[in-house]
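The values are calculated or read from the model by the stated rules, or taken from the named source; none is laboratory data. The model shown is predicted, which means the values in this text are computed figures rather than measured ones. Cβ coordinates were reconstructed from backbone atoms using ideal geometry, including for glycine residues, and neighbour counts include every protein chain displayed. Ligands, DNA and RNA are stripped out before the accessible areas are found, and what is left, the full protein with its side chains, is counted by its heavy atoms. Shrake-Rupley method; radii C 1.70, N 1.55, O 1.52, S 1.80 Å.
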Amino acid sequence: ALLFAIVLLIRQRHVEYREELALAQTGPVPVQVLRKFYSGEPQAGDWDVQRGAQTVANQRGESLGFVVQTSPDSDQIIGFSGPTNLLLIFDTDEVLRGVQVLSSGDTREHVRQVVEDSEFLPSFQGLDLPTAASASQLDAVSGATLTSLAMRQAIRRRLRIELPEADDSPDWEPSL
């Protein structure tokens, strides 16, 4: 019984460590970003360590959904010149409400083109988690092809963690 208790304590501490590490790597989600996608006064809540997600709740503590960031899971996916950390905003039914660029090491002009494109990022809205994890038929943004394709791949890679059976292979090959 003592050995079992020690194992449980070690496991609990490991869970707490993973939660702290996730928060340290990605940082808290800015409330002003949450306000764009959730009504009222949304608040970033607890971390769901199993999913690598942060819950979002209203002032009464009722769940509004959850958010996940593509970083650090997809930091090795490079667009034209660097990785992009995207915030994926879900409702309680696991439907994607939106995608927000949090930071990017990619070319500013390319990222701006993707963000300002009226179709690319909004095309993810309304997709359920399995569909978003396998989304490969979305057109790239002309003039920012590598950046937009890398963002799409980062979303697929991050959500693959939610759905281990989802295909994570790139559906494009960079040309040199």
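Tell me whether segment 98-108 contains one or more residues that are over 17 Å from T147 (Cα atoms), crowded, with 18+ Cβ neighbours inside 10 Å and not aromatic (F, W, Y).
Within segment 98-108, one or more residues are over 17 Å from T147 (Cα atoms), crowded, with 18+ Cβ neighbours inside 10 Å and not aromatic (F, W, Y).
Condition test on S71, is it modelled with pLDDT under 90, closer than 14 Å to A53 by Cβ, open to solvent by less than 60 Å² (accessible area, probe 1.4 Å) and not in a strand (DSSP E or B)?
So S71 fits the description; yes.
Before we move on, is E62 open to solvent by 40 Å² or more (accessible area, probe 1.4 Å), at pLDDT 85 or above and under 16 Å from A133 (Cα atoms)?
Spelling it out, it is not the case that E62 is open to solvent by 40 Å² or more (accessible area, probe 1.4 Å), at pLDDT 85 or above and under 16 Å from A133 (Cα atoms).
Where residues in segment 1-58 are at pLDDT 75 or above, among the β-branched types (V, I, T) and in a helix (DSSP H, G or I), which of them is nearest to V101 (Cα to Cα)?
Applying the filter and picking the extreme gives V33.
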